[in-house]
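The values are calculated or read from the model by the stated rules, or taken from the named source; none is laboratory data. Predicted model only: the values in this text are computed from it and were never measured. Cβ placement follows ideal geometry from the backbone for every residue including glycine, while neighbour counts extend to all protein chains displayed.
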Amino acid sequence: MNLIIEHINLMGSFAFAISGALVALRNKLDLFGVLIVAFVTAVGGGTIRDMLLADRDVFWLFDIHVIYAVLAGAIIAMIFRKKLHFFEKPIFFYDAIGLGLFTITGVQIGIDYHLNPLICILLGTITGVFGGVIRDVIVNEIPVVFQKEIYATASLLGGGLYLILVHFEIPNPYLQIIPIATIIITRIIAATYTISLPNIYKKEQ
Amino acid sequence: MNLIIEHINLMGSFAFAISGALVALRNKLDLFGVLIVAFVTAVGGGTIRDMLLADRDVFWLFDIHVIYAVLAGAIIAMIFRKKLHFFEKPIFFYDAIGLGLFTITGVQIGIDYHLNPLICILLGTITGVFGGVIRDVIVNEIPVVFQKEIYATASLLGGGLYLILVHFEIPNPYLQIIPIATIIITRIIAATYTISLPNIYKKEQ
Amino acid sequence: MNLIIEHINLMGSFAFAISGALVALRNKLDLFGVLIVAFVTAVGGGTIRDMLLADRDVFWLFDIHVIYAVLAGAIIAMIFRKKLHFFEKPIFFYDAIGLGLFTITGVQIGIDYHLNPLICILLGTITGVFGGVIRDVIVNEIPVVFQKEIYATASLLGGGLYLILVHFEIPNPYLQIIPIATIIITRIIAATYTISLPNIYKKEQ
């Protein structure tokens with residue numbers, strides 16, 4: 001399990017580093033500003049998760065590979081910076097992958113700590129969503145994850161589904177691929193058809 | 001003591017969740033955006049407090065009741081969203097209660113850890129104030145608690161008073177009710193008569 | 001070593017508290033808003049560093065002297081608030097000192113934990129830079145450290161140099177003075193001649 005979690009952490013870090021670097025580039029930060037926002041976006045959610053658990057070391061502190069994954073993501077984003085207007089879709093896609101991968105790690109760690117299922121899902125959503133929240137707070141925007149079509153919702157859905165699959169002892173790789181794919185596909189469908197949550201402000205307008 | 005702290009945590013979480021949800025609704029966040037901002041406002045201060053203490057698990061991680069209290073607060077705020085313009089006073093009032101309740105828990109935990117009295121008061125203020133700071137930073141406003149009439153000041157006052165009462169071994173419930181009421185009443189008086197701290201900018205104007 | 005780290009923490013806290021208080025004063029926060037932003041600027045980086053390490057108590061929690069250093073810095077900044085327009089240079093200079101001092105503490109703590117050298121440097125940069133990041137996020141600005149001439153870069157440079165000097169077993173006080181001075185001088189030269197990182201946006205313009 002731990003090996004799989006580490007692998008997921010690497011891929012998710014790479015994906016989110018690209019997303020973070022692209023937002024930083026859009027805001028014209030300097031070279032190291034881009035690197036640090038990429039880093040914070042990539043590891044922010046998992047870092048908060050690990051800090052919440054008193055006895056848990058933050059995952060990237062003793063794992064240089066995460067740093068390499070972030071550097072790789074940030075450098076790739078910078079190399080292709082000139083084609084930034086072509087990047088709308090990749091930003092979106094990498095972000096969806098990161099969301100799916102990180103959510104499932106967070107839920108699994110919650111299970112390892114025997115937390116209440118609802119809190120496991122919450123831990124998954126924090127892991128998946130808060131890197132992006134910190135990214136947007138740093139560049140001084142209201143976090144898109146709280147406004148955009150079905151974002152945190154996709155994470156909550158996938159986290160809940162994973163818990164159900166664990167309960168029925170579905171074997172790997174299905175156990176992890178099904179909820180991760182659910183999150184990614186939910187994001188793609190929601191964005192393609194700009195599906196949002198039911199508008200809770202309807203009646204005031 | 002622990003039972004009382006848990007009870008206070010629940011009531012404070014409920015109060016702050018309402019305040020957080022209302023600010024999120026004012027900023028037109030989506031359904032889960034509202035839930036997460038309510039959650040972060042409610043548990044943010046106590047979460048930072050518990051993360052600062054190396055051996056301390058974050059209070060809501062092993063206590064599903066806090067999550068229920070936050071959900072209840074957020075849902076109540078959303079149900080009454082249409083009457084949002086009637087909510088100026090309740091936002092204020094719930095916020096004052098949360099500030100009072102959380103400040104005293106923070107100071108008490110500082111005492112349990114045998115921290116310096118000044119640091120106990122600081123820990124109380126962090127517990128009471130930083131949920132609101134995170135809330136405002138997320139919706140991209142300068143935290144009201146650093147600008148509004150006598151806010152952090154009320155927390156510091158109540159925290160100091162609590163320490164004095166502990167020193168003189170005043171019994172419960174007076175021990176806790178007196179400083180909590182002091183914080184709430186200080187906030188009400190300050191807001192009613194718009195009393196602010198002495199203006200440190202006077203001479204420049 | 002620990003004594004030296006503590007001494008550095010005090011001086012750095014004092015320097016950053018002044019920088020934080022001055023930014024808060026510029027944004028017209030109230031008295032306790034100024035105190036808390038000064039506090040957060042001063043201890044923010046070191047606090048994140050200590051929270052990342054699971055078994056480490058946050059440095060100021062058991063050390064009242066840090067609180068006194070922050071109070072001293074904040075009060076000095078407030079007393080001289082009327083001459084705020086004369087403060088451009090002191091803000092800058094205190095900030096550079098704090099950056100140098102805190103970076104080296106962070107790297108040294110990374111070495112104590114036998115972390116990978118790259119992660120030691122990162123820990124030093126987090127310690128040196130994130131107090132200022134939190135300060136700017138709170139007053140709702142994009143962190144200057146990600147935009148300004150050679151800021152995080154100076155921290156990374158000094159941190160790398162310190163690691164090299166440690167490797168060659170250079171004795172104290174040279175071991176610490178050389179990289180700290182390098183960071184401060186790099187900042188002064190970069191700001192005097194407004195040297196920035198190579199502009200990665202050149203080609204789009």
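Here are a few things to note about the model shown:
- Single match in B:I119, B:I164 (criterion: closer than 27 Å to B:Y193 by Cβ and modelled with pLDDT of 90 or more): B:I164
- Subset of the stretch B:24-61 [under 16 Å from C:D57 (Cα atoms), modelled with pLDDT under 90 and not acidic (D, E)]: B:A54, B:R56
- Filtered residues of the stretch A:168-196 (kept if hydrophobic (A, V, I, L, M, F, W, C), surrounded by 10 or more Cβ atoms within 10 Å (Cβ to Cβ) and part of a loop (DSSP other than H, G, I, E, B)): A:I170, A:I195
- Test: residue in the stretch A:169-176 that is modelled with pLDDT under 85 and either out of contact with any helix residue (DSSP H, G or I) (no Cβ under 7 Å at 6 or more places or on another chain) or hydrophobic (A, V, I, L, M, F, W, C) (or both): yes
- Conditions (1) in a helix (DSSP H, G or I); (2) modelled with pLDDT under 90; (3) under 30 Å from C:L71 (Cβ atoms); number of the one not met by B:A15: (3)
- Residue check for A:T41: of a type in the set (S, T, Y), under 17 Å from A:I126 (Cβ atoms) and within 11 Å of the chain's Cα centre (by Cα): yes
- Filter result (crowded, with 24+ Cβ neighbours inside 10 Å and β-branched (V, I, T)) within the stretch C:112-132: C:I121, C:T125, C:I126, C:T127, C:V129
- The residue that is surrounded by the fewest Cβ atoms within 10 Å (Cβ to Cβ), among those in the stretch A:49-67 that are more than 9 Å from every other protein chain (Cβ to nearest Cβ) and in a helix (DSSP H, G or I), is A:H65.
- Qualifying residue in the stretch B:26-33 (condition: closer than 14 Å to A:L122 by Cβ and either within 9 Å of another protein chain (Cβ to nearest Cβ) or buried (at least 23 other Cβ atoms within 10 Å of the Cβ) (or both)): yes
- Residue match in the stretch A:79-88 (condition: surrounded by fewer than 16 Cβ atoms within 10 Å (Cβ to Cβ), at pLDDT 85 or above, assigned to a helix (DSSP H, G or I) and among the β-branched types (V, I, T)): yes
- Evaluation of B:V70 against the conditions (1) at pLDDT 90 or above; (2) among the hydrophobic types (A, V, I, L, M, F, W, C); (3) more than 19 Å from the chain's Cα centre (by Cα) shows that the sole unmet condition is (3).
- Reported count of residues in the stretch A:132-149, each being touching a residue at least 24 places away in the same chain (Cβ under 8 Å), under 14 Å from the mean Cα position of the chain (by Cα) and within 18 Å of A:F93 (Cα to Cα), is 4.
- Of all positions in the stretch B:97-107, at least one carries a residue that is touching a Cys at 6+ places or on another chain (Cβ under 6 Å) and either in contact (Cβ under 8 Å) with a residue 24 or more places away in the chain or farther than 17 Å from C:A24 by Cα (or both).
- C:L22 vs. criteria without any contact (Cβ under 8 Å) to a residue 24 or more places away in the chain and in contact with a helix residue (DSSP H, G or I) (Cβ under 7 Å, 6 or more places away or on another chain): no
- Pick from the stretch B:178-205, criterion at pLDDT 90 or above and farther than 18 Å from B:F92 by Cα, ranking: nearest to the other protein chains (Cβ to nearest Cβ): B:P179
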